1. Give the Rg (one decimal place) followed by the Dmax (whole number) of segment 88-171, computed from C-alpha coordinates and expressed in Å.
2. Which far-off residues, 5 or more places away or on another chain, put their amide H under 5 Å from the one on ARG134, with H placed in the peptide plane?
3. Of all the Cα-Cα pairs you can form in segment 20-78, what percent are over 14 Å apart?
4. Apply 1/(1 + (r/R0)^6) to the Cβ-Cβ distance of LYS100 and GLU167, taking R0 = 22 Å, and write down the FRET efficiency to the nearest 0.05.
5. Counting Lys and Arg as +1 and Asp and Glu as -1, what is the net charge of the other residues whose Cβ lies under 10 Å from the Cβ of PRO163?
6. Between LEU94, LEU69, LEU159, which gets the highest mean-square fluctuation from a Gaussian network model of the chain, Cα cutoff 10 Å?
7. Ordered by residue, what ³J(HN,Hα) values in Hz, to whole numbers, does segment 111-121 give under the Karplus form 6.51 cos²θ - 1.76 cosθ + 1.60, where θ = phi - 60° and Gly and Pro are x?
8. Any chance you could list P(r) for the chain, counting all Cα-Cα pairs in 5 angstrom bins from zero, rounded to whole %?
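None of the figures in this text is laboratory data; all of them are computed from the coordinates on show. What you see is a predicted model; the values in this text were computed from it and never measured. Every residue, glycine as well, gets a Cβ built from its backbone with ideal geometry; the counts of neighbours run over all protein chains shown.
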Amino acid sequence: MDELARKVEAILFVSSEPVKSADISNALGVDVKIVEERLNNIKEHYKSHHGLTLINVAGGWQMATAGDLKDVIEEYNNSYGYKLRLSKAAMETLAIIAYKQPITRTEIEEIRGVRSDKVLETLLSTGLIKVAGRKKGTGSPLLYRTTQEFLEAFGINSLSELPTEEELKNEGNYS
C-alpha cells in the first residue's frame with residue numbers, strides 16, 4: 001500500500017460517516033480519479049483475511065466490518081454494544097415515510113390508523129427523518145422525509161435500493 005492509499009485509509013478510519021471521493025480528493029490535493037483508484041485498491045486489499053471491508057454507502061465510502069463476521073458482531077452488540085432499537089410503531093412509520101416521502105403527519109396517520117406524533121418525535125430525535133418543508137394548502141402541515149443517516153443505518157446508497165412493494169408482497173412483509 002503506497003503513502004497516498006495509507007492517507008486515504010486513515011481518513012476513512014477516523015470518519016464516522018461515509019466520505020465522498022471528492023472530499024478526500026480536496027483534502028489531499030489529489031485528482032479524484034487517483035483517489036478512486038486508491039479506494040478500489042484498498043477495497044481489494046481488505047477482501048481477503050481481514051475483519052474490515054470498504055463499502056460504498058449513502059454516496060460515499062466507509063470502513064465496515066466484513067460481512068462474514070455479522071454473527072460475531074451481532075453477538076458482541078447484543079452483549080456489550082449500543083444498538084439503535086426502534087419500536088414496531090417506529091419501524092412502521094419509518095417505512096411509510098421512506099416509501100411515501102415527502103409526507104405529512106396526517107397522511108401517515110391515515111395509513112397507520114393511529115396518532116403518530118410521539119413516534120415522529122422519536123424518529124426525528126434519532127436523525128433518521130427530518131422536516132422537509134411544508135405542504136401547500138390549509139394549515140401548511142410539515143412534510144417529513146428520510147435522511148442521510150437513514151441510508152447509512154440501513155446500508156444503502158439511495159432509496160431506489162429499497163425493496164419494491166411487489167418484493168415485499170412476495171416475502172409476506174406487505175399488506
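1. Radius of gyration, then largest Cα-Cα span, for segment 88-171: 12.9, 39 Å.
2. Long-range HN contacts for ARG134: LEU143.
3. Values: 1035 of 1711 pairs.
When all Cα pairs of segment 20-78 are counted, 60 percent exceed 14 Å.
4. Numbers: r = 17 Å, r/R0 = 0.76.
Step by step, r from the Cβ atoms, then E = 0.85.
5. Details: positive: LYS169; negative: GLU161, GLU165, GLU166, GLU167, GLU171.
Once all neighbours under 10 Å are counted, the net charge is -4.
6. With Cα springs under 10 Å in the chain, the top fluctuation among LEU94, LEU69, LEU159 is at LEU69.
7. Couplings: 6, 7, x, 9, 4, 10, 4, 5, 5, 4, 4 Hz.
8. 1, 7, 13, 15, 15, 14, 12, 10, 6, 4, 1, 0, 0
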